[in-house]
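The values are calculated or read from the model by the stated rules, or taken from the named source; none is laboratory data. All values derive from a computational prediction rather than experimental measurement. Note that each Cβ is placed from the backbone with ideal geometry, even for glycine, and that neighbours are counted across all protein chains shown. Protein only, heavy atoms only, side chains kept; ligands, DNA and RNA dropped before computing areas. Shrake-Rupley method; radii C 1.70, N 1.55, O 1.52, S 1.80 Å.
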Amino acid sequence: MAEENSRSKKTIPPYMKAISGSLGGIVEASCLQPIDVIKTRLQLDRAGAYKGIAHCGSTIVNNEGVRALWKGLTPFATHLTLKYTLRMGSNAVFQTAFKDSETGKLSPQGRLMAGFGAGVLEALVIVTPFEVVKIRLQQQRGLRPELLRYKGPVHCARMIVREEGILGLWAGASPTVMRNGTNQAAMFTAKNAFDTILWKKHEGDGKVLHPWQSMISGFLAGTAGPICTGPFDVVKTRLMAQSKSVGELKYRGMFHAIATIHAEEGLRALWKGLIPRLMRIPPGQAIMWAVADQITGFYERTYLTNAPL
């Protein structure tokens with residue numbers, strides 16, 4: 001019994017999962033910011049000014065310069081780093097809570113619930129306010145500061161609070177919660193499944209994946225969420241982009257926005273920006289997991305023996 005209790009304590013602690021996520025987020029943000037800018041512009045394009053991903057990117061570069069593709073990088077990188085720190089750490093805590101008290105094993109349902117809980121938590125604490133600021137910055141056209149309404153992330157946040165109240169930073173919270181909760185439930189479950197199916201990697205076997213293996217598993221795990229949650233992402237972007245200071249709000253909430261977009265622009269409009277999301281999220285998960293798995297793997301090899309991942 002003493003030996004069993006000793007082994008049960010040999011787990012990778014949540015803080016190490018959090019650190020691995022934060023470092024993975026920094027690398028991901030630096031690589032993939034331009035795709036996120038293009039996705040946001042496409043989702044906000046009601047007039048059809050952009051003919052597709054390549055046209056949108058070239059138009060931004062031609063009209064605003066290459067630097068415009070990294071608009072909003074500061075809040076985006078900070079947002080990703082904090083988001084992954086909270087996501088990985090809280091998921092580890094939730095997984096521990098949902099494990100069977102007798103066997104110490106985590107059921108598929110427990111894994112889904114842990115992922116959903118981590119997604120809801122990150123959406124409310126970090127994702128929504130950071131994305132409101134990021135989207136307000138990204139929808140601005142041009143690079144001349146005197147022509148821009150928001151001069152930077154801090155100035156943007158201050159203006160939103162001053163003109164719309166503190167809750168203005170949580171515009172679009174409902175679809176964000178739905179999107180992130182569903183995404184993380186699917187992602188953590190799929191990542192574990194692909195690790196098992198492709199690489200025979202089981203929790204607690206002491207095996208550390210190579211970076212390319214983690215990238216493949218992470219890429220595949222990151223594909224399902226965007227397809228399932230496309231409407232929530234479009235609605236989230238529209239709700240976050242509208243400002244109370246410029247007059248009456250077009251969208252009164254999540255369900256009103258879905259109905260309005262469907263009526264005015266058609267069903268396909270609810271999946272606007274899906275291709276750039278698929279270009280950003282799966283590669284982003286590949287990068288993040290390649291970094292995170294190596295950090296947790298190093299900790300396991302250094303401090304633990306056959307510790308559950």
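A few notes on this one:
- Residue count for the stretch 78-108, restricted to those that are surrounded by fewer than 22 Cβ atoms within 10 Å (Cβ to Cβ), of a type in the set (S, T, N, Q) and either touching a residue at least 24 places away in the same chain (Cβ under 8 Å) or touching a helix residue (DSSP H, G or I) at 6+ places or on another chain (Cβ under 9 Å) (or both): 4
- Scope the stretch 226-256; condition part of a helix (DSSP H, G or I) and open to solvent by less than 10 Å² (accessible area, probe 1.4 Å); matching residues: Pro226, Thr229, Gly230, Asp233, Val234, Val235, Lys236, Thr237, Arg238, Met240
- Note on the stretch 257-285: residues that are closer than 15 Å to Glu28 by Cα and either among the β-branched types (Val, Ile, Thr) or more than 16 Å from the chain's Cα centre (by Cα) (or both) total 1.
- Verdict on Leu124 being in a helix (DSSP H, G or I), of a type in the set (A, V, I, L, M, F, W, C) and open to solvent by 20 Å² or more (accessible area, probe 1.4 Å): yes
- Among the residues of the stretch 257-285, the one identified as part of a loop (DSSP other than H, G, I, E, B) and open to solvent by 50 Å² or more (accessible area, probe 1.4 Å) is Lys272.
- All positions within the stretch 39-68 that are hydrophobic (A, V, I, L, M, F, W, C) and open to solvent by 20 Å² or more (accessible area, probe 1.4 Å): Leu42, Leu44, Ala47, Ala49, Ile53, Ala54, Val61, Val66
- Candidate set: the stretch 58-88, residues that are within 24 Å of the chain's Cα centre (by Cα) and among the charged types (D, E, K, R); chosen: the one farthest from Leu112 (Cα to Cα): Arg67
- Residue match in the stretch 109-120 (condition: buried (at least 22 other Cβ atoms within 10 Å of the Cβ), within 12 Å of the chain's Cα centre (by Cα), among the hydrophobic types (A, V, I, L, M, F, W, C) and modelled with pLDDT of 95 or more): yes
- Residue within the stretch 174-186 that is among the basic types (Lys, Arg), surrounded by 22 or more Cβ atoms within 10 Å (Cβ to Cβ), modelled with pLDDT of 90 or more and not in a loop (DSSP other than H, G, I, E, B) present: yes
- Yes/no for Ala29 being surrounded by 15 or more Cβ atoms within 10 Å (Cβ to Cβ), small (Gly, Ala, Ser) and over 19 Å from Tyr15 (Cα atoms): yes
- Residues that are among the acidic types (Asp, Glu) and either open to solvent by less than 10 Å² (accessible area, probe 1.4 Å) or modelled with pLDDT under 90 (or both) within the stretch 130-173 comprise Glu131, Glu146, listed in sequence order.
- Against the conditions (1) modelled with pLDDT under 85; (2) surrounded by fewer than 16 Cβ atoms within 10 Å (Cβ to Cβ), Leu309 satisfies every one except (2).
- Residue in the stretch 286-298 that is over 27 Å from Cys31 (Cβ atoms), at pLDDT 90 or above and surrounded by fewer than 23 Cβ atoms within 10 Å (Cβ to Cβ) present: no
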